[in-house]
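S.K.: Before I ask anything, here is the structure I am working with.
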Amino acid sequence: MANVYLSARVPRIAFSKLEANGFTVDYYTGKGLISHSELLRKVASADFLITTLSTVVDSEIIDAAPNLKLIANFGAGFNNIDTEYAKSKGILVTNTPKVSTNSVCELTIGLILDLSHRVVEGDQLMRSEGFPGWSPLYFLGHEIAGKELGIVGLGNIGSKLAVKANAMGMKVSYFKPHQLSEDEEKAQNVTYKPFDELVKTSDFISINAPLTDENHHQFNADVFDNMKDSAFLINVGRGPIVDEKALLKALKADKIAGAALDVYENEPDFDKHFAKLKNVILTPHIGNATVEARDAMAKIVADNVILSNKGKEPKYIVN
């Protein structure tokens, strides 16, 4: 029997599929995230590893697993895995793209609405001091219809977000390294802008890009200086794309109107100073935390293990 180790519990559908196909399945049952030392010990006898983006799979982990054939990452990202080293050892790495798209887009729209209508801020007010009563100029926010949403990273998620934003009456601009064709832009009702221009004109900026060497701290002090002082930043991409120290300074200095963060530079840790600001929404990396998305992700990782064990090519190979 082939052995599968999971670095975290995943939806039951994955266990059911694996057990039905005769695999021996073991998984991490401790509190919090699995430690590096625990993973080292557990992968020693593993033929297949299912891991999450919060688990670092480096060369030491890979070397500790002489029988490893596949690393199936439970997530669209895979920067937690040394994919090149895995490839050098003949180990395939897969991810779970696309199935998270709608969930992340819905969260992004929700954060945009929360920021513009001050929903979270209002909730905190009601839970503390209450309010003096309705009046025409009290606690004003803004409608999002007619506002410009600048999307940084127009992949699967960014494209789906553009559809939803257009449906709500927003004007959508985008930046990505390679501009779409004119026909593609018309079909998606989006306008390409160079990064510097998008930063200056957008009322909301949503980061929907994967992390690369090129976009580490792409959003820095200079960028915040160039944003509208009425603009909001939403990061549902990857934490290190934003220089959080610079963002904190910009927020405190009213350089921008507010921010919503679902991802952080040093997850699961985050700068607690953000929590003291009323114009910041903080969520615990819940972009694809829906039953529908997580079940679909679980099915993909299990199916890829099954395919690999049969000598067939798994889906969504990233190395």
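S.K.: For the chain, what is the largest minus smallest coordinate of the Cα atoms on each principal axis, given in angstrom and ordered from greatest to least?
M.R.: Over the chain, Cα extents along the principal axes are 69, 51, 33 Å.
S.K.: Using +1 at the Cβ of each Lys and Arg and -1 at the Cβ of each Asp and Glu in the chain, identify which of VAL305, TYR174, LEU115 lies farthest towards the dipole's positive end.
M.R.: Ranked along the dipole, the leading option is VAL305.
S.K.: Compute the length gained on full extension between THR290 and MET126: take 0.36 nm times their separation in residues and subtract their Cα-Cα distance, giving the result in nm to one decimal. Mind showing how you got there, number by number?
M.R.: Numbers: separation 164, 0.36 × 164 = 59.04 nm, distance 2.77 nm.
The THR290-MET126 span can extend by a further 56.3 nm.
S.K.: Between GLU197 and GLU106, take the C-beta separation as r, use R0 = 25 Å, and let me know the FRET efficiency to the nearest 0.05.
M.R.: Numbers: r = 28 Å, r/R0 = 1.12.
Efficiency, rounded to the nearest 0.05: 0.35.
S.K.: FRET efficiency for ARG12 and SER54, Cβ-Cβ distance as r, R0 = 25 Å, nearest 0.05?
M.R.: Once the sixth-power term is evaluated, E becomes 0.80.
S.K.: Distance cut-off 30 Å, Cα to Cα: go down the list LYS186/LYS299; LYS200/LYS276; LYS176/LYS249; LYS69/LYS176; LYS186/LYS312; LYS186/LYS255 and report the pairs above it.
M.R.: From the list (LYS186/LYS299; LYS200/LYS276; LYS176/LYS249; LYS69/LYS176; LYS186/LYS312; LYS186/LYS255), the Cα-Cα distance tops 30 Å for LYS186/LYS299; LYS69/LYS176; LYS186/LYS312; LYS186/LYS255.
S.K.: Kindly provide the Kirkwood hydrodynamic radius of the range 66-122 in Å, to one decimal, from all pairs of distinct alpha carbon atoms.
M.R.: When all Cα pairs of the range 66-122 are included, the Kirkwood radius is 14.0 Å.
S.K.: Test of understanding: what is the full-extension gain from LEU180 to SER45, defined as 0.36 nm times their sequence separation minus their Cα-Cα distance?
M.R.: Here the answer is 44.0 nm.
S.K.: Please give the length that would be gained between MET1 and LYS278 if that part of the chain were fully extended, namely 0.36 nm times their separation in residues minus their C-alpha to C-alpha distance (nm, one decimal).
M.R.: Gain on stretching MET1 to LYS278: 94.3 nm.
S.K.: For ASN266 and LEU307, FRET efficiency with R0 = 35 Å and r from the beta-carbon atoms, rounded to 0.05?
M.R.: So, using R0 = 35 Å, E works out to roughly 0.50.
S.K.: Return, ordered by residue number, the residues of the range 183-202 whose backbone nitrogen is under 19 Å from a label point located 7 Å along Cα→Cβ of ASN226.
M.R.: 191-202
All of the numbers you see were taken from the coordinates with simple rules; none came from a lab. Just so it is clear, the structure is predicted and the values come from calculations on it, not from any experiment. FYI the Cβ positions are ideal-geometry reconstructions off the backbone, even for glycines, and counts take in every protein chain you see.
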